[in-house]
Amino acid sequence: MTYLEGEGLANLSVVTEEDGSAIAFVQVTSWGTPGAVVSPSTAAGIRLGATLSELEAAYPGIQQTGTSNNSRLFAVEDSDGWIVFWMDDEAVVNISAVPTSNVPSELCG
């Protein structure tokens, strides 16, 4: 796993397959104050700190797919896999690009 962080920036994690042959998943996160950090956005414009209303407007019909560590999880399929959004206190605190709609165990605390 490669983990990058910096003051005022979203934390970025890149996890590769065990043999290093491919990227297993990527995530950006800010568990503190997500709207106060610079983060990348999805193609639909969702960044850390986005509200549920913004998420629903960007991805009509998105549904909650589960919970983890007091966060609500929402997932949407795209051409390369799934984007999972973690909502905490009505703001997106984590955006993960993963191969399935299930959250990888590495992301569960």
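All conditions but one from (1) in contact with a strand residue (DSSP E or B) (Cβ under 8 Å, 6 or more places away or on another chain); (2) surrounded by fewer than 12 Cβ atoms within 10 Å (Cβ to Cβ) apply to T33; the one that does not is (1). Once the stretch 75-96 is narrowed to residues that are open to solvent by 10 Å² or more (accessible area, probe 1.4 Å) and touching a helix residue (DSSP H, G or I) at 6+ places or on another chain (Cβ under 7 Å), the residue that is nearest to V28 (Cα to Cα) is A91. Per this entry, S39 is counted among residues that are out of contact with any His (no Cβ under 8 Å at 6 or more places or on another chain) and open to solvent by less than 30 Å² (accessible area, probe 1.4 Å). One residue stands out in the stretch 44-80 among those that are aliphatic (A, V, I, L, M) and under 13 Å from the mean Cα position of the chain (by Cα): the one that is farthest from V98 (Cα to Cα), namely A50. Exactly one residue among R72, R47 is open to solvent by 30 Å² or more (accessible area, probe 1.4 Å), among the charged types (D, E, K, R) and not in a loop (DSSP other than H, G, I, E, B), and that residue is R72.
Please work out which residue is nearest to E7 (Cα to Cα), limiting yourself to the stretch 50-61 and to residues that are open to solvent by 20 Å² or more (accessible area, probe 1.4 Å) and of a type in the set (A, V, I, L, M).
So the residue we want is L52.
Mind telling me which of the residues V38, V93 ends up being among the aliphatic types (A, V, I, L, M), in contact with a Phe, Trp or Tyr (Cβ under 9 Å, 6 or more places away or on another chain) and at pLDDT 85 or above? None of the others qualify; the one that does is V93.
The values are calculated or read from the model by the stated rules, or taken from the named source; none is laboratory data. Worth saying up front: this structure is predicted, and the values here are computed from it rather than measured. Cβ coordinates were reconstructed from backbone atoms using ideal geometry, including for glycine residues, and neighbour counts include every protein chain displayed. The accessibility values were calculated without ligands, DNA or RNA, using every heavy atom of the protein model including side chains. Shrake-Rupley method; radii C 1.70, N 1.55, O 1.52, S 1.80 Å.
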